[in-house]
Structure formats: structure tokens, C-alpha cells
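Asks: Before I ask anything, let me first share the structure, which is written out below as C-alpha cells.
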Amino acid sequence: MHTKPIGQSMVAANLINKYQLDELLSYQKNLDEWTPLGRLTVELGLVNEEEFTEFLASYFDVPYLDLENFFSVHEDVLNLVPQSIARRLNIMPVLKKDDTLTVAMSDPLDLTAVNDLETITRCRIKRVVSPPGQIRQSIRLFYNCQYEEPPVVYERKIREDRQSAPALIRMLVEKAYKNDVKNVHIQQEKNRIEILFRAAGRLEKVASYPKTIMEPLSKFIKRSACLKEISEAPQSGSFKYASGSIAFEIGISVLPTVTGERIVLEVPKAV
């Protein structure tokens, strides 16, 4: 197990750069509910699930298991852990040898889940680490169950702080650029602020925030693009963005709506 903080270790492993780490730490501080730094990198699209899970396995010195290359699980193993428990804990039992049950889990430090499994199975639990999406897919496959998995939409509570606005915008832009998202839509609904990404002609909701974050976000974007802070007419402009070795211009459109403003950021395609 590494003694270096996980953020610094992610920089050393070239998963993120120092600039991104600083922005993540700033963003993390402005969340009302503490969220692990590693999880934020995945939620914000800076690192994909597989890359982060492999890093996590190495960081905590726990074996990594790619469930996409795991083709069968004995029925006796499945019977040890009810499907409902596997889904609730998002774990996948894969192998039993003597009194030891090997279980794939996304969080190797979830000792509560380990204790629950030891109680249910009456086995010693050997942990291996797998991406959470692969675990969900394996549960559907091996338990032969069908259920609708809701789309993953991350909802974060952010303190009403001007410092959170630039950090959040940078995180959204980084995610959009890395995932070839053409437009980032920030729109005000009745009680929430919805974040949607447009890619390949499809508009997909990716996050939801308290309504109170809209004012600092709007002011930061308008000031960056030299737009009027108060206007009943549509506005457009742009501002320059730089991070590490990339630099580009982001187009801005601000459209008044019945429920409030809709802001669209146009992000150049990654090359």
C-alpha cells in the first residue's frame, strides 16, 4: 500500500496532472458532502472506471480482476450470496476454495460489506477489485436477472461559494473535451440546475446541482466572455481556456427561458 496521498499518486501514475489535482481539491472542498477524490475523477470524466480501478488495486495492493474475461461462476458460489445482496453491495462472488470466498468489489476498503458477507456466507472473504460497471454487468449475466439500471447522474451539493464556480466550469470543460462532447448545457429548472452534454447528436443529463449555484456560475461565465451580467436578450461570446498542454476558445451562448437562463458552452473537439 502506498503512503503517498492518493491524489499525488494519481499524478505520479499519469492519470491526472498537477493542475487537474489542484482543481479537483478546490472542487472537493466546496462540496457539502465529502466525496473521495478518486471517485470525483471518474464522475467528472478525467479518468475512466477501468483505469481508476486498476490504479486503486495497485494503490491498496489488492488483486485486480477484469470481469469481462471471466466467463463462468459455479452455481454453488452464486447460492452463497443472494442476488439482492449482490446488487445492494454491488459485489460479485467469483470463486470458493475451502472456506475462502473470492469476491469482486469496487471499493477494497468497504469493510462493512466484507463483514456482512462473512456473516451471510460463513466464509473468509478474499477481496479482488473490479470496475463497478463490470460488477453490475456480471450480476445481470451470472444471476440471469433482468432489471432496469437507471442512468448514472451525479448529484452534488456545493457550498454557495464563488470559488466553486470556476472549479466546476473547469471540471465540466475537462470532461467534455476528453470525451469529445460538443456542447455543455447548463439550464435552470424549477428547483435544480441541470447539466447536459451533447455528443453525437444526443443530449444526455450528467449532473444536477442546487439552484443556488446558478448565480455564481452565470456571473463567472459572463465575466469570462465579457458579456452583460443582466440582459433580457440572448447573448453570445467566447473565452480562452488553457490547461496543461491544451489551449482553445470556448463559445458561449446565453438564452433567457421561462424558468431562467440556459447557458451553452461550445467545446472544440479533441485532436
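We did not get these values from a lab; they are worked out from the coordinates using the rules stated. Note that the coordinates shown come from a computational prediction; the quantities given were computed from them, not determined experimentally. Here the Cβ is made from the backbone with ideal geometry for all residues, glycine too, and neighbour counts use every protein chain on show.
Asks: Distance check, please: which entries in K97/K126; K4/K175; K18/K178; K182/K240 exceed 21 angstrom between their Cα atoms?
Replies: Distance filter (> 21 Å) returns K4/K175.
Asks: Show me the trypsin sites (Lys or Arg not before Pro) within the stretch 169-228 that DSSP assigns to loop and that have at most 11 other Cβ atoms within 10 Å of their Cβ.
Replies: K190, K228
Asks: So which GluC sites (Glu not before Pro) in the stretch 27-92 pass both tests, a DSSP loop state and at most 13 other Cβ atoms within 10 Å of the Cβ?
Replies: E33
Asks: What is the distance, in nm, between label points placed 7 Å from the Cα along the Cα-to-Cβ direction at K182 and at S26?
Replies: Between K182 and S26, the simple spin-label model gives 3.0 nm.
Asks: What is the extension gain from E232 to L255, computed as 0.36 nm multiplied by their sequence separation minus the C-alpha to C-alpha distance, in nm to one decimal?
Replies: Stretched out fully, the E232 to L255 stretch lengthens by 7.4 nm.
Asks: With +1 on the Cβ of every Lys and Arg and -1 on the Cβ of every Asp and Glu, and nothing else charged, how large is the dipole of the chain about its Cα centre, in debye rounded to the nearest 20?
Replies: The dipole magnitude comes to about 680 debye.
Asks: So, one more: For the stretch 185-225, list residues with backbone N below 13 Å from a point placed 7 Å from the Cα of T35 toward its Cβ?
Replies: 195, 206-210
Asks: If you don't mind, another one. Excluding the sites themselves, what is the longest stretch of the chain that contains no chymotrypsin sites (Phe, Trp or Tyr not before Pro) in a DSSP loop with at most 15 other C-beta atoms within 10 Å?
Replies: With a cap of 15 other Cβ atoms within 10 Å, the longest stretch comes to 148-271.
Asks: If you don't mind, there's one more thing I want to ask. What is the stretch 56-142 by shape, rounded, prolate or oblate, if you read a ≥ b ≥ c off the alpha carbon gyration tensor as root eigenvalues and call it rounded for a/c under 1.5, prolate for a/b larger than b/c, and oblate otherwise?
Replies: Rounded.
Asks: Still on this structure: Could you calculate the contour length gain from D98 to R192, that is, 0.36 nm times the residue separation minus the distance between their Cα atoms, to one decimal place in nm?
Replies: So the extension gain works out to 28.6 nm.
Asks: If R0 is 22 Å, what FRET efficiency do you get for E266 and A242 from their C-beta distance, rounded to 0.05?
Replies: About 0.85, to the nearest 0.05.
Asks: Hey, of (1) 41, 20, 16; (2) 27, 23, 19; (3) 34, 24, 23, which did the structure itself give for semi-axes √(5λ) of the Cα gyration tensor in Å when calculated?
Replies: The value matching this structure is (1).
Asks: Compare the Cα positions of L168, L111, I250 along the charge dipole of the chain (+1 at Cβ of Lys, Arg; -1 at Cβ of Asp, Glu; about the Cα centre) and return the one farthest towards the positive end.
Replies: So the residue we want is I250.
Asks: Let me ask you something else. Using the Cα centre of the stretch 152-266 as the reference point, and only Cβ charges (+1 on K/R, -1 on D/E), how large is the resulting charge dipole? Debye, rounded to the nearest 20.
Replies: Dipole about the Cα centre, nearest 20: 160 debye.
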